[in-house]
Amino acid sequence: MIPFEYLRAGDPAEAVAAVAGRPGAAFLGGGTNLVDHMKLGVARPDLLVDVSRLPLDRVEETGSGLRIGAAVRNSDLAAHPLVRERYPVLARALLSGASGQLRNAATTAGNLLQRTRCPYFQDVTTPCNKRDPGSGCSAIGGYTRYHAILGASEHCVAVHPSDMAVAMLALDAVVIVLGPAGERALPLADLHRLPGDTPQRDTVLEHGELITAVELPDLPFARRSAYRKVRDRVSYSFALVSVAACLDLDGGAVRDVRLALGGVAHKPWRAALAEEALLGATVTEEAFRRAAEAELAAARPLHGNEFKVPMVRNAIVATLRDLAEEGR
Amino acid sequence: MTAEETAEETAEETAQVSAQGRAVGTPSPRVDGRAKVTGSAAYAYDRPVDDPVYAHPLQATIARGRVIAIDTVAAAGVDGVLAVVTHRDAARLADTEDAELSVLQSDAVAFRGQFIGVVLGETPEIARYAAGLVRVEYEEEPHDTELRADRTDLYRPERVNEGFATDTDEGDVDAAMEAAAVTVDQIYTTPMEHNNPMEPHTTVAVWDPGGGFLGDARLSLFDSTQSVHAVRSTLARVFGLRPDQVRVMSPYVGGGFGSKGMPHAHNVLAVLGARAVPGRPVKLALTRHQMFSLAGHRTPTIQRVRLGADEGGRLTAVAHEAVEHTSRIKEYAEQTAAGTRMMYAAPNRRTAHRLAALDVPVPSWMRAPGEAPGFFGLEVAMDELAVACGLDPVELRVRNEPEVDPESGRPWSGRHLVRCLREGAVRFGWEGRPAVPGTRREGRELVGLGVASSTYPYYRIPGSRAVVAYDGRGRYTVRIGAADIGTGAWTVLTQIAADALGCPLGAVSVEIGDSDLPRATVAGGSSGTASWGSTIVAACRAFRHAYGEDPPRGAEAGGEMPRDPDAKRFSMHSFGAQFAEVRVDADTGEIRVPRMLGVFSVGRVINPRTARSQFIGGMTMGLSMALHERSVLDHRTGHVINHDFAEYHIATSADVMDVDAVWLDEEDVHAGPLGARGIGEIGIVGAPAAIANAVHNATGIRVRDLPITPDLLLH
Ligand SMILES: Cc1cc2nc3c(=O)[nH]c(=O)nc-3n(C[C@H](O)[C@H](O)[C@H](O)COP(=O)(O)OP(=O)(O)OC[C@H]3O[C@@H](n4cnc5c(N)ncnc54)[C@H](O)[C@@H]3O)c2cc1C
Ligand code: SF4
């Protein structure tokens, strides 16, 4: 048996201290990603600090929005009445992910910090810079169907697989982090990194930093929001590409918009250029298309995933069109 | 024997059981259903055994070369590790003819993932952990795993699977193509696929050395297999034992789809492990990852199909040439184009098979080997011909219906393809099909309908024997070493026995899945019901002949599978027509299949409940083949990189919508005493083509390479 220790943390501070004090330690949420990685030899923590039963399992109104505990299960979050009413994009993103059983186990923090599904990363018999820095990137020149078209580097072309994170990014979520030095609030947009030459680091978090909550600001027009996930089969598959969108219309023009993309980059991708192009634009398919193309001008697809560029474009157009029609 | 005597014997042997039939034809619930849904059915790995040892394999991480050093010291030193067996110390096998089964006999590596050792531990976790500590050094040689039609080393195998001729050539295809008013000449490809039964390949092996002399040893296995007797005879040969020294038990099997039709390397590895810890049961379950290199797969195919026809769509030429792979160490030649030989009437016909021997794991049977990939090529080509001729695809097929088998010239025992097509067209609402591809749009969806033909040969494999015994208190026991891999065979055999004995269903128990039972042939080639069922009928008749209606306690009689004289006089095949509706998202290219219908002609249906499940199961697997399944072989490493269920996509429940199957009410009077031709595989044949043809009808895009994924349909 691969030896490791297990500790059920009594409170967040104890959890932080336990992990921060030991380089080989890791937090354990629902374990649906980490435990798989332990079986595959991708992760070899010598201490698991279980944070899934900390009292971080509530969804609360904060006056200016919603505070989601880090241990809230994906299925509970998706079913929460306030989430369904105010942030339908988030409920839909959650329900489009994984399977019922996995969502029952998966936690909010674990979902944000799940690692890439790049098959080479998950197969310890192949080189991978993310798993084994400096060993090379097997995906480049290999099977790239699920890989990045934006923001990749020659060291890593993996994508972040979470659906939930894409919706939260569109909602301007803020991540609350507790570290040995205290608490800090980090915009979700700054949590995940691009690979650069250190693809082994998915996020800006330091070892021992614990996510305790995610805060969603009040965003009234998010009541008209949608998540569109394009995939190879209807259920139980990761996004080829996905789009999270919230749309606020002023007559025939775009008053405000939030747009984020999944399946395209090493992090959930905020489509800032497209948002900019949309502000004030007249609601037409043509305008949506031009906005999508503005975002995708920087796309650098790999051999084998060129299709993602038109697929994202079409998915953006379709999502915005459906939202605009909903509003009429 | 005079001709007259032969005819008489034939008449008796093949007399149909229908006359007194009561259970046959009824939807009896599965005899094993309760045990399965309550979880009390003990599959091979679940069998409680005393003091088990767990095996974890070591696998090569190169695709070709040799093992030059293997350091097992750290692994062997782990607490709870009993042995680490490698090629250096594994028992020598008596027969190494079959290179797939010649496990740990040398330092050579022939494909990535091949066994190079096994760790035996007190728990699965210990064995797995210790396996991770073994260090291996290789001398790597360049490998080659890429199948291409332009390879210069393609060769012509002696024969293809099931003993079919490799090539056939009738008339002059080239001249006929030249002269034809309408032609289709296209390349179709199907990918490497893996069987992936739900239950992995598992074996529990116990080696009892007896007095230490090989002739006294006993080997017993609980194994997940489609044929206990094939496992027994093969392992006996490989280990130099007499068959009576080996016992194989396999009461429940969680699917096989052909991958458990013959023993694979893991059986040998488990026994090698068992020999290292004599007397203790060694349990081995392949992981899902390991199944992608060790339990067989469907070869990728590259098929060139040429059709020539007159303006009316009457075929003048049919050519089907397949290129496929095999492993360098063992030949398996899929009969991809064989089904084309008998399918449609055309004076000029050619088929051919060429192989590339690559550094890949050994390919093998996967549900409807040959027909499943081959009818993607042929039936999409037929759809292309219909478009080229401006004909309805159903009508095109009707026009090319041959009166006799074009290949053998024999009459059909019962070919009702046209009835299946017409019946299906009515039931499916075929007349509402958009005549012009890409013209029906509902909301954001493009809608289309497609059709394809199915066929599967009637196989009945001689060699089975059954024994009937009576307990004196109204109960009969029928013994035959058959296998129920989830098909319903166990139930169906019970129905057949009850009718053949003329007693109620509840008075019969059938025992299967044990090599100590009378020998039985493999659950493969959709042959089980016909082969074992006719054997049971023979045994029951022998029993009644000997003991009459009031047998004494302990009465017992046996019978062999009766001969099948009609098989030489008639061309015997099942047929079907498959219809599919698809909806393609105009924005994203995502494909849904809201409706599928199969209409089948298979002779007598013994049990409508289990038959329906076989048909719709096959069609669902065909849907999965059409839209999802693809093993991605990374030619740089030589292994399948999407080797788990998150990455190797199989249709999920949400992908499978309304799948329906019906069948003609018939019996094939030439198909033995049951009049049944077998149903296990035909459901997958033609289903991928029906979907591809519907995709064309919906979008105007012709996809000739499986699987059909959204990116191929993007605008
Ligand atoms: C077959 C399959 C299909 C899937 N399909 C999808 C899909 O379609 N879409 C999708 O979005 N996801 C999908 N998933 C992924 C799933 O969403 C994640 O596995 C899950 O969300 C992870 O949550 P967890 O609580 O189980 O995390 P864990 O496995 O427990 O942890 C994941 C990581 O987060 C760290 N961690 C956990 N909690 C904290 C904390 N509070 N603070 C700091 N670090 C922490 C852990 O140390 C670990 O590194 C799929 C998973 C599987 C197995
Ligand atoms: S893309 Fe990234 S995760 Fe995948 S093999 Fe390359 S370095 Fe590893």
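The values are calculated or read from the model by the stated rules, or taken from the named source; none is laboratory data. Keep in mind it's a predicted model, so treat the numbers as computed, not measured. Note that we place each Cβ from the backbone using ideal geometry, even for glycine, and neighbour counts take in every protein chain shown.
Is there a residue being touching a residue at least 24 places away in the same chain (Cβ under 8 Å) and buried (at least 24 other Cβ atoms within 10 Å of the Cβ) anywhere in the range B:639-655? Within the range B:639-655, one or more residues are touching a residue at least 24 places away in the same chain (Cβ under 8 Å) and buried (at least 24 other Cβ atoms within 10 Å of the Cβ).
Step by step: first the residues of the range B:239-251, then only those that are at pLDDT 95 or above and of a type outside the set (A, V, I, L, M, F, W, C), then the one that is surrounded by the most Cβ atoms within 10 Å (Cβ to Cβ). Which residue is that? If we take residues in the range B:239-251 being at pLDDT 95 or above and of a type outside the set (A, V, I, L, M, F, W, C), then B:S250 is surrounded by the most Cβ atoms within 10 Å (Cβ to Cβ). How many residues does the range A:48-91 contain that are crowded, with 16+ Cβ neighbours inside 10 Å, in contact (Cβ under 8 Å) with a residue 40 or more places away in the chain and either in contact with an Asp or Glu (Cβ under 9 Å, 6 or more places away or on another chain) or assigned to a loop (DSSP other than H, G, I, E, B) (or both)? Counting residues in the range A:48-91 that are crowded, with 16+ Cβ neighbours inside 10 Å, in contact (Cβ under 8 Å) with a residue 40 or more places away in the chain and either in contact with an Asp or Glu (Cβ under 9 Å, 6 or more places away or on another chain) or assigned to a loop (DSSP other than H, G, I, E, B) (or both) gives 16.
B:G474: of a type outside the set (A, V, I, L, M, F, W, C) and either out of contact with any helix residue (DSSP H, G or I) (no Cβ under 9 Å at 6 or more places or on another chain) or under 30 Å from B:M262 (Cα atoms) (or both), yes or no? No: the conditions fail for B:G474. State all residues of the range B:524-543 that are within 21 Å of the chain's Cα centre (by Cα) and over 16 Å from B:T494 (Cα atoms); if no residue qualifies, say none. Within the range B:524-543, B:G524, B:G525, B:S526, B:S527 qualify. Quick check, is A:A167 in contact (Cβ under 8 Å) with a residue 60 or more places away in the chain, aliphatic (A, V, I, L, M) and within 16 Å of ligand 1 (Cβ to nearest atom)? Judged against the criteria, A:A167 is a match. Here A:Y120 meets each of (1) at negative phi; (2) of a type outside the set (A, V, I, L, M); (3) within 16 Å of ligand 1 (Cβ to nearest atom) with one exception, condition (3). Among residues that are assigned to a loop (DSSP other than H, G, I, E, B), within 13 Å of ligand 1 (Cβ to nearest atom) and over 15 Å from A:K229 (Cβ atoms), A:Q101 is not included. When the range A:123-144 is filtered for residues that are more than 6 Å from ligand 2 (Cβ to nearest atom) and at the interface with chain B (Cβ under 8 Å from one of its Cβ atoms), the ones remaining, listed by number, are A:D123, A:T125, A:T126, A:G141, A:G142, A:Y143.
All of (1) surrounded by 19 or more Cβ atoms within 10 Å (Cβ to Cβ); (2) within 22 Å of B:R280 (Cα to Cα) hold for B:G77 with one exception: (1). Considering only residues in the range A:232-281 that are of a type in the set (D, E) and in contact (Cβ under 8 Å) with a residue 12 or more places away in the chain, the one that is nearest to ligand 1 (Cβ to nearest atom) turns out to be A:E275. If a residue must be away from ligand 1 (no atom under 11 Å from the Cβ), surrounded by fewer than 24 Cβ atoms within 10 Å (Cβ to Cβ) and within 16 Å of the chain's Cα centre (by Cα), how many such residues does the range A:150-164 contain? Summing the residues that are away from ligand 1 (no atom under 11 Å from the Cβ), surrounded by fewer than 24 Cβ atoms within 10 Å (Cβ to Cβ) and within 16 Å of the chain's Cα centre (by Cα) in the range A:150-164 gives 2.
In the range A:304-327, the residues that are more than 8 Å from chain B (Cβ to nearest Cβ) form Cβ pairs under 7 Å with partners that are part of a helix (DSSP H, G or I) and of a type in the set (D, E), at six or more places apart or across chains, as follows: A:R313/A:E293; A:R321/A:E285.
When B:S526 is tested against the conditions (1) touching a Pro at 6+ places or on another chain (Cβ under 9 Å); (2) over 18 Å from B:R22 (Cα atoms); (3) modelled with pLDDT of 95 or more, the lone failure is (3).
Remark: pairs (first residue in the range B:551-571, at positive phi; second residue among the hydrophobic types (A, V, I, L, M, F, W, C) and surrounded by 17 or more Cβ atoms within 10 Å (Cβ to Cβ); Cβ separation under 9 Å; 6+ apart in sequence or on different chains) = B:G554/B:A469. Applying the criterion of being out of contact with any helix residue (DSSP H, G or I) (no Cβ under 8 Å at 6 or more places or on another chain) and more than 14 Å from every other protein chain (Cβ to nearest Cβ) to the residues of the range B:565-608, the residue that is modelled with the lowest pLDDT is B:A567. Listed by position, the helices (runs of 4 or more DSSP H) inside the range B:488-587 whose residues that are polar (S, T, N, Q) and buried (at least 24 other Cβ atoms within 10 Å of the Cβ) number at least 1 are B:489-501, B:528-547.
Could you say which residue among B:P673, B:P707 is within 14 Å of chain A (Cβ to nearest Cβ), in a loop (DSSP other than H, G, I, E, B), more than 18 Å from B:Q614 (Cα to Cα) and in contact (Cβ under 8 Å) with a residue 12 or more places away in the chain? Within the list B:P673, B:P707, the selection yields B:P707. Applying the criterion of being more than 16 Å from ligand 2 (Cβ to nearest atom) and over 18 Å from the mean Cα position of the chain (by Cα) to the residues of the range A:95-122, the residue that is farthest from the other protein chains (Cβ to nearest Cβ) is A:Q101. For A:E285, the conditions (1) within 16 Å of ligand 1 (Cβ to nearest atom); (2) within 14 Å of chain B (Cβ to nearest Cβ) all hold with the exception of (1). Consider the range B:676-704 and keep the residues that are outside any helix (DSSP H, G or I) and touching a Lys or Arg at 6+ places or on another chain (Cβ under 6 Å). The one that is farthest from the other protein chains (Cβ to nearest Cβ) is B:A676. Checked against the criterion of being surrounded by fewer than 24 Cβ atoms within 10 Å (Cβ to Cβ) and in a loop (DSSP other than H, G, I, E, B), the candidates B:G481, B:G424, B:G474 yield just one match: B:G474.
You will find that of A:G263, A:G208, the residue that is in contact with a His (Cβ under 9 Å, 6 or more places away or on another chain) and closer than 30 Å to A:E154 by Cα is A:G263 and no other. Scanning the range A:145-163 for residues that are within 13 Å of chain B (Cβ to nearest Cβ) and more than 25 Å from B:Q290 (Cβ to Cβ), we see that the one that is nearest to ligand 2 (Cβ to nearest atom) is A:H147.
Condition (residue is within 14 Å of another protein chain (Cβ to nearest Cβ), assigned to a loop (DSSP other than H, G, I, E, B), at pLDDT 95 or above and more than 20 Å from A:A173 (Cβ to Cβ)) applied to the range A:253-270: is it met by at least one residue? Checked the range A:253-270: no residue is within 14 Å of another protein chain (Cβ to nearest Cβ), assigned to a loop (DSSP other than H, G, I, E, B), at pLDDT 95 or above and more than 20 Å from A:A173 (Cβ to Cβ). Might you check whether a residue that is within 9 Å of ligand 2 (Cβ to nearest atom) and more than 22 Å from B:D634 (Cα to Cα) occurs anywhere in the range A:187-196? Yes, the range A:187-196 contains a residue that is within 9 Å of ligand 2 (Cβ to nearest atom) and more than 22 Å from B:D634 (Cα to Cα). Among the residues of the range B:640-653, are any more than 11 Å from chain A (Cβ to nearest Cβ) and assigned to a loop (DSSP other than H, G, I, E, B)? So far as the range B:640-653 goes, no, none of its residues is more than 11 Å from chain A (Cβ to nearest Cβ) and assigned to a loop (DSSP other than H, G, I, E, B). Residues of the range B:147-175 that are surrounded by 16 or more Cβ atoms within 10 Å (Cβ to Cβ), touching a Pro at 6+ places or on another chain (Cβ under 7 Å) and farther than 28 Å from B:L627 by Cβ: B:T166 alone.
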